[in-house]
2 protein chains.
Amino acid sequence: MRRTRQEQRAATRATLLDAAADVFARHGFHAATVDQVAEAAGLTKGAVYSNFENKEDLFLSVLEHRLDPFPADLASAFESHDRTWLLLKTEFWLHAMRDPDVRFKLAARSRVLRDRVAALVDQAAAERGVPLPATAPEVASIVLALSDGLAVQALIDSASVPDDLFARALAIVLGDASS
Amino acid sequence: MRRTRQEQRAATRATLLDAAADVFARHGFHAATVDQVAEAAGLTKGAVYSNFENKEDLFLSVLEHRLDPFPADLASAFESHDRTWLLLKTEFWLHAMRDPDVRFKLAARSRVLRDRVAALVDQAAAERGVPLPATAPEVASIVLALSDGLAVQALIDSASVPDDLFARALAIVLGDASS
DNA sequence: GTATCCGTATACTGGTCGGTATGCCGACGA
DNA sequence: TCGTCGGCATACCGACCAGTATACGGATAC
């Protein structure tokens, strides 16, 4: 398998990002070591420091690489929470809480996400023909809180959160009292 | 100020727990150092290792000391989220995700909390005389998800979460369509 | 084909920090 | 009042790890 330098470098970087996502999610930013990431990628520390400034840059690159995908519809807002991603997101939230600059960036992105969800909320309300119980951005905040909050509970104890609970909660919040 | 040994030891322990809560919340479990905790308490590492087995024991003791106070009523479920406590809780959640034993204990405690909230939900529904949109434990899970989820958003950007949003979300979820 | 250079492996270092061994002082029991 | 002991301070150690310096092999350019 002969590759150009560009291809090779891109492949190495991608391998490192995948490995780093896994290792950071499993051990957390501080407990995870650069050597662990390198080994998980089948490489060595040299590859890491050749592709990233330092450990923090690697961590932030992982998050940029796997950004919150904007949900295409409300129901999928919950499905996008696989375990690894939720752990990374939580680590990052803690990081943001401790660094004002990072927090501002997260706030900006959160607003964009919320507004995107608000548009979906408006759309859903129009389809159903029922009034929203609050402004669309407020309902969007509620939907996102439900999505995250239930996902957190589900990871503590999956049995305590029925698979369809988010969908039903969504129906309640959107003003659908049926069933 | 002459104190007996018992009093002195208890005071030292309490001081350390308070300092540890602060330092762990500010820096996170791994980044926080035992020396920092000791210094914040106006003591030294010797005091820490005289009162706690090790760093992890100190961390877990902080959490036991400041356990989720069971809310007296639904509205106060949200108020109990001051910044420090939410950061510690989140750190602990991550810790639990990585250690099955800890996770099981957290799951047990979460069930107790949820059932407690479910009782409050039942009570509120009876007072209002409206049917719940789901079983009481399910509504309780939703309420807790909202509480945590909105608190997380509020710490990212307090302006994005109106003060009364939780209360209004609560009314929606409890089947109160008025206002 | 050959010289160059880029990207990764290897080897190493300095600093940090959890944990320990020991000293010291003040409370306790008699 | 005195000897003992318990609790905290001090000094220290060893391990771990982020980051660096350098070696090396294969792709690239000519």
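The values are calculated or read from the model by the stated rules, or taken from the named source; none is laboratory data. In this text the structure is predicted, and so the values were computed from the model without any measurement. Positions of Cβ are backbone-derived with ideal geometry, glycine not excepted, and every protein chain shown enters the neighbour counts.
At a glance:
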item	result
Verdict on B:R116 being out of contact with any Pro (no Cβ under 6 Å at 6 or more places or on another chain), among the basic types (K, R) and under 27 Å from A:L106 (Cβ atoms)	no
Verdict on B:V117 being part of a helix (DSSP H, G or I), surrounded by 19 or more Cβ atoms within 10 Å (Cβ to Cβ) and more than 9 Å from chain A (Cβ to nearest Cβ)	yes
When residues of segment B:126-179 are limited to those that are of a type in the set (D, E) and under 17 Å from A:D148 (Cβ atoms), the one surrounded by the fewest Cβ atoms within 10 Å (Cβ to Cβ)	B:D157
Selection from segment A:19-34 of residues that are out of contact with any His (no Cβ under 8 Å at 6 or more places or on another chain), within 10 Å of chain B (Cβ to nearest Cβ) and of a type outside the set (A, V, I, L, M, F, W, C)	A:R26, A:H27
A:A108 being under 30 Å from B:F24 (Cα atoms), surrounded by fewer than 21 Cβ atoms within 10 Å (Cβ to Cβ) and of a type outside the set (D, E, K, R)	yes
Residue list for segment A:35-48, filter: of a type outside the set (V, I, T), over 12 Å from A:D18 (Cα atoms) and within 7 Å of DNA strand C (Cβ to nearest atom)	A:L43, A:K45, A:G46, A:A47
Top-ranked residue of segment A:67-78 - restricted to ones that are in contact (Cβ under 8 Å) with a residue 12 or more places away in the chain and among the small types (G, A, S), ranked as nearest to DNA strand D (Cβ to nearest atom)	A:A77
Qualifying residue in segment A:101-113 (condition: under 26 Å from A:A21 (Cβ atoms), in contact with a helix residue (DSSP H, G or I) (Cβ under 7 Å, 6 or more places away or on another chain), facing chain B (nearest Cβ under 9 Å) and β-branched (V, I, T))	no
Residue in segment A:135-158 that is at pLDDT below 95, acidic (D, E) and either touching a Cys at 6+ places or on another chain (Cβ under 6 Å) or more than 26 Å from A:A25 (Cα to Cα) (or both) present	no
Residues (among the acidic types (D, E) and not in a helix (DSSP H, G or I)) located in segment B:125-160	B:D157
Total residues in segment A:39-50, condition more than 9 Å from DNA strand D (Cβ to nearest atom) and surrounded by 15 or more Cβ atoms within 10 Å (Cβ to Cβ)	4
Residue that is farthest from B:L170 (Cα to Cα), among those in segment A:124-151 that are without any contact (Cβ under 8 Å) to a residue 12 or more places away in the chain and facing chain B (nearest Cβ under 9 Å)	A:G149
Residue match in segment A:69-76 (condition: more than 14 Å from chain B (Cβ to nearest Cβ) and either within 15 Å of DNA strand C (Cβ to nearest atom) or among the aromatic types (F, W, Y) (or both))	yes
Close pairs (9 angstrom Cβ cut-off, 6 or more residues apart or separate chains): of a type outside the set (A, V, I, L, M, F, W, C) in segment B:49-66, away from DNA strand D (no atom under 16 Å from the Cβ) anywhere	B:E56/B:H95; B:H65/B:A21; B:R66/B:A21; B:R66/B:T84; B:R66/B:W85; B:R66/B:L88
Of all residues in segment A:1-30 being near DNA strand D (Cβ under 9 Å from one of its atoms) and of a type in the set (D, E, K, R), the one that is modelled with the highest pLDDT	A:E7
Search result, residues across segment B:1-23 that are within 12 Å of DNA strand C (Cβ to nearest atom) and of a type outside the set (A, V, I, L, M)	B:R2, B:R3, B:T4, B:R5, B:Q6, B:E7, B:Q8, B:R9
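Residue-by-condition table, conditions (1) exposed (fewer than 13 other Cβ atoms within 10 Å of the Cβ); (2) near DNA strand C (Cβ under 9 Å from one of its atoms); (3) over 27 Å from A:D99 (Cβ atoms):
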| site | (1), (2), (3) |
| --- | --- |
| B:F52 | no, yes, yes |
| B:K55 | no, yes, no |
| B:E64 | yes, no, yes |
| B:S80 | no, no, no |
